[in-house]
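What follows is a set of notes on a single structure, which appears directly below.
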Amino acid sequence: MNKKTKQIFIDVANDWKEQVRDMDDDELNEDRSEWIKVYGRDDDIEFTNLTGTDLVNSYDTDIHTIAIEIEQIRRWQKIIYDIPKKNVRLD
């Protein structure tokens, strides 16, 4: 495993430990992919973390999304999507 790949796994694990594992079911039971499509990809807006000092870039958002989807699989054995199954491609 190369250093970049290892760092991604470390970052996902840290995000899960620091934020996602303590989310309640209501917070976690959302279509994260749809949320990202609607709210999370406006490159013209700079988001800051809670301290107001660091920019939250798309890498941080992607790491958080992966951690959320892993926790959804852990809790419910599936990733939550708000679309009917008939619209999901199964191939």
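FYI, it's all coordinate maths here, none of it is from the lab. This one's a predicted model, so the numbers in the text were calculated from it and none came from an experiment.
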Margin query: Can you work out the Karplus-derived ³J(HN,Hα) for every residue in region 18-28? Use 6.51 cos²θ - 1.76 cosθ + 1.60 with θ = phi - 60°, whole Hz, and x for glycine or proline.
Written below: 7, 10, 6, 4, 8, 6, 7, 4, 5, 5, 7
Checklist line | Phi to ³J(HN,Hα) by Karplus 6.51 cos²θ - 1.76 cosθ + 1.60 over region 69-76, Hz, x for Gly, Pro | finding: 5, 5, 5, 4, 5, 4, 6, 10
Next item on the list: Work out, step by step, the length gained on full extension between GLU27 and ILE83: first 0.36 nm times the residue separation, then minus their alpha carbon distance; give nm to one decimal.
Entry: 18.3 nm
Notebook entry, point to check: Between TRP76 and ILE8, 0.36 nm times their residue separation minus their Cα-Cα distance comes to what?
Noted result: 22.1 nm
